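Student: Have a look at this one before I ask anything.
The values are calculated or read from the model by the stated rules, or taken from the named source; none is laboratory data. Worth saying up front: this structure is predicted, and the values here are computed from it rather than measured. In this analysis, Cβ positions are derived from the backbone assuming ideal geometry, glycine residues included, and neighbour counts consider all displayed protein chains.
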Amino acid sequence: PLPKIQGDINFNKVVFEYEKGRAALKGISLDVKAGQSIALVGHTGSGKSTIINLIGRFYDIKSGSLTIDGRDVREVTLQSLREQIGIVLQDTFIFSGTIRDNIRFGRLDATDAEVEEVAKAVDAHDFIMKLPGGYETEVEERGSALSMGQRQLLSFARALLADPRLLILDEATASIDTETEIKIQEALKILLQGRTSFIVAHRLSTIRHADKIVVLDHGEIKEEGNHAEL
Ligand code: ATP
Ligand code: MG
């Protein structure tokens, strides 16, 4: 098991195929230092989710190497790896239960004060307090009581509370108003601080804030750099 992940990630000529003979990644090399945020962009089918799948070791690579803190990802036990990865996927972040339980998911030992602290950090506290039952308000998995933006902020609060070294975020594509957009960007900045993150980015504002933008095309890196460089 890993003592504690620092968050250096290195892809070296990684080839991966879901089906024999059809490479989804065709020799990806990417060096990520602990604490950096990487925005993955590219057309549908270009390999963004595949990169994320490999970091979480949901699949094994075919050739090349993938290391975390200089160690082959296959040497890391799945449990220690998954414990230190936070995954925020679009549209899947609310389950039936109270707002508090939704934030505490994965950190059941968290106190009420800790829950409120992270909610405040991502600026979700005010809207929560306006709900009929505050933190005890029951929400439904597919209920519409919460807006897309509010759901996203709750998922950020949950991830912040879990405090993983590695954060994977598949950004929601749903359109949101400008005010909420600004809130989400502020919350995202706080969430990304001090951890390595890979974001499948759909919003220009997110892409702009990333330390490194990786443009994928048919399983290859087409361009790499920060917003000023590209
Ligand atoms: P999107 O923007 O649509 O989410 P993406 O960039 O995330 O696209 P990937 O899901 O990484 O793309 O897909 C890369 C390639 O691998 C595509 O050709 C896709 O068809 C293929 N692929 C993805 N998942 C699987 C799977 N589970 N089984 C077989 N092929 C897959
Ligand atoms: Mg995808």
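Student: Do we find a residue being surrounded by fewer than 16 Cβ atoms within 10 Å (Cβ to Cβ) and within 16 Å of ligand 1 (Cβ to nearest atom) anywhere in segment 1-17?
Tutor: Within segment 1-17, one or more residues are surrounded by fewer than 16 Cβ atoms within 10 Å (Cβ to Cβ) and within 16 Å of ligand 1 (Cβ to nearest atom).
Student: On to the next question. For I199, all conditions in the list (1) of a type in the set (V, I, T); (2) surrounded by fewer than 22 Cβ atoms within 10 Å (Cβ to Cβ); (3) within 16 Å of ligand 2 (Cβ to nearest atom) hold save one; what is the number of the exception?
Tutor: (2)
Student: Output the residue which, of all residues in segment 65-81 that are crowded, with 16+ Cβ neighbours inside 10 Å and in contact (Cβ under 8 Å) with a residue 24 or more places away in the chain, is nearest to D217 (Cα to Cα). Don't jump to the end; show me each part of the working.
Tutor: Within segment 65-81, the first condition is being crowded, with 16+ Cβ neighbours inside 10 Å, and the residues that meet it are 66-69, 73, 76, 81.
Now drop any that are not in contact (Cβ under 8 Å) with a residue 24 or more places away in the chain, which leaves 66-69, 76, 81.
Details: L66: 20, T67: 23, I68: 24, D69: 27, V76: 29, L81: 28 Å.
Top of the filtered list is L66.
Student: May I pose another question? With the condition kept exactly as written, say whether any residue in segment 187-196 is surrounded by 14 or more Cβ atoms within 10 Å (Cβ to Cβ) and not in a helix (DSSP H, G or I).
Tutor: Yes, some residue in segment 187-196 is surrounded by 14 or more Cβ atoms within 10 Å (Cβ to Cβ) and not in a helix (DSSP H, G or I).
Student: Here's something else I'd like to know. I need the full set of residues from segment 27-60 which are within 15 Å of V14 (Cα to Cα), surrounded by 20 or more Cβ atoms within 10 Å (Cβ to Cβ) and more than 16 Å from ligand 2 (Cβ to nearest atom), in order please.
Tutor: Hit for segment 27-60 is V32, nothing else.
Student: Just one of F93, F127 is part of a loop (DSSP other than H, G, I, E, B) and surrounded by fewer than 22 Cβ atoms within 10 Å (Cβ to Cβ); which is it? Walk me through how you get there before you give the answer.
Tutor: Values: F127 fails: part of a loop (DSSP other than H, G, I, E, B).
When all the criteria are applied, what remains is F93.
Student: On the basis of being touching a helix residue (DSSP H, G or I) at 6+ places or on another chain (Cβ under 7 Å) and away from ligand 2 (no atom under 16 Å from the Cβ), does I99 make the cut?
Tutor: Yes.
Student: Which residue pairs have Cβ atoms under 6 Å apart, sit 6 or more places apart or on different chains, and have a first residue in segment 121-139 that is touching a residue at least 60 places away in the same chain (Cβ under 8 Å) and a second that is of a type outside the set (A, V, I, L, M, F, W, C)?
Tutor: These pairs meet every condition: D123/K183.
Student: Please pick out the residue among I51, I55 that is within 16 Å of ligand 1 (Cβ to nearest atom), farther than 18 Å from A187 by Cα, modelled with pLDDT of 95 or more and not basic (K, R).
Tutor: Selected residue: I51, the only one of I51, I55 that is within 16 Å of ligand 1 (Cβ to nearest atom), farther than 18 Å from A187 by Cα, modelled with pLDDT of 95 or more and not basic (K, R).
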